[in-house]
Amino acid sequence: MTPDLFSDTAEPWEEPLEDGAVVLRRFASSDARELLDAIEQVARQAPLRQMQTPGGHTMSAAMVCCGSWGWVTDRKGYRYQTTDPLTDRPWPDMPAVLRDLARAAAEQAGYPDFDPDACLINRYLPGAKMGLHQDKDEEDFEQPIVSVSLGSPIVFQFGGLRRSDRPQKIPLEHGDVVVWGGPSRLRYHGVLTLKSVEHPLTGACRYNLTFRKAR
Ligand code: MD6
Ligand code: FE
């Protein structure tokens, strides 16, 4: 077959990052439409919203969760809870297509026992970003995190175990999945400001899904 530069039919490939962390390039490409449909289904049950940080800032990415646990932030702090603070109702169920993708990616990366109970959906519009942070509100740091990028490209920052460690810059594209655990589990990371670049499936918008085992 002739390679087609304009369609996303390339076979996935792996790029090791640091110990315990890998980028699975295009791992989610073939499921992207179903994943985006599932995101839409979740967002119909519980809206994407911009949360407040404990310091009183409004996050630039809009978020919603699905699964038995959801990550939230407000003036009281960062935490996981079983209910949506907007409604006090349980978070929407995690659609099977999301869970299956996360488990397959974790297995491919060497974490065969991953069973996520939380999926955080982030929506970035042009101008949105996420500063360097650690994911450390989960109970068991032996469990990895699986992070799926859909839509517009962005630059991911992947740092060290101290905030002051200079991060690498890793361009992430539609369908890329970062899996991260073991000695890398508590590395600082973030994304640079989203530029206005259209993707055929999302327009000028990027979705990031991070799957975690919260409890
Ligand atoms: C993002 N990602 O890619 C933000 N966290 O939009 C994260 O915060 C993240 O990609 C833990 C592990 C992988 C990630
Ligand atoms: Fe994170």
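Every read-out reported here was derived from the displayed coordinates using simple, explicitly stated rules and does not represent laboratory data. Here the structure is a predicted model, which is why all the values come from computation and not from measurement. Counting neighbours? That spans all protein chains shown, and the Cβs are built from the backbone with ideal geometry, glycine included.
With the convex hull drawn around the C-alpha atoms of the stretch 18-120, the volume per residue stands at 127 Å³. How much net charge surrounds Ala128 when only other residues with a Cβ under 13 Å from its Cβ are counted (Lys, Arg +1; Asp, Glu -1)? Residues near Ala128 contribute +4 overall. In a fully extended conformation the segment linking Asp100 and Arg79 would gain 5.1 nm over its present Cα-Cα distance, using 0.36 nm per residue.
Think of it as helices only: each DSSP H run of n ≥ 4 in the chain is worth -39500 (n - 2.57), and spread over all residues that comes to -4000 deg cm²/dmol at 222 nm. Distance between the modelled labels on Gln168 and Gln52, one decimal in nanometres: 3.9 nm (7 Å Cα→Cβ projection).
Between Glu34 and His133, the FRET efficiency from the beta-carbon distance, with R0 = 22 Å, is close to 0.15. A convex hull fitted around the alpha carbon atoms of the chain yields 119 Å³ per residue. Shape of the stretch 60-179 from the C-alpha gyration tensor: rounded (a/c under 1.5, with a ≥ b ≥ c the square roots of its eigenvalues). The Val197 and Asp140 beta-carbon pair, evaluated with R₀ = 41 Å, returns a calculated FRET efficiency of approximately 0.65.
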